[in-house]
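Asks: Just passing along the structure, written as structure tokens.
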Amino acid sequence: MTAAEIDHFRRRLLAMRRRLGADVSELADEALRPVGGEASGNLSDVPIHLADLASGSDEEEITLDLMENEGRIMSEIDDALERIEQGTFGRCENCHEEIPRERLEAVPYTRYCIRCARELQAEADR
Ligand SMILES: [Zn+2]
């Protein structure tokens, strides 16, 4: 991989990281904001509508799920940036072949070529 290509992927990773960082902190604000009168400790202020409570907790669960995913991608991006520094970026960590350019364009933070990713996924599912 040429220096220009490395630079291209570094820029893409940094841009993804910035965007995810913004999303995650916004989501965290939403998910962790106290609901109704809970924060004041005055239970009589809390409106009890079971339907509202149910839909509210569903949404919260989805938001937290999303955060977990984005947090995981964020650490993958950090690892990829680390690999750029170490000069191992773009090489499959499993078979040490070069990862095809198209795959890196689609998933710049990937650590495996498609063949290994499939094999590892199949193993994880077993
Ligand atoms: Zn591989």
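Asks: Each residue of the stretch 108-115 in turn: what ³J(HN,Hα) in whole Hz from Karplus with 6.51, -1.76, 1.60 and θ = phi - 60°, glycine and Pro shown as x?
Replies: Values per residue, Gly and Pro as x: x, 9, 5, 10, 10, 6, 4, 4 Hz.
Asks: Could you pull out every residue, at least 5 positions away or on a different chain, whose amide H is within less than 5 Å of the one on ARG91? Hs are placed 1.01 Å off N in the peptide plane, and Pro or chain starts have none.
Replies: For ARG91, whose amide H was placed from the backbone, the distant partners under 5 Å are ILE99.
Asks: Figure the gain on full extension for ARG33 and ALA122 (residue separation times 0.36 nm, minus the Cα-Cα span) and round it to one decimal in nm.
Replies: Extending this stretch completely gives an extra 28.1 nm.
Asks: Right, next: Can you give the extra length, in nm with one decimal, that the chain gains between ALA15 and ARG103 once fully stretched, where that is 0.36 nm per residue apart less the Cα-Cα distance?
Replies: 29.9 nm
The numbers here are math on the coordinates, done by the rules we state, and not lab data. This is a predicted model, so every value here is computed, not measured.
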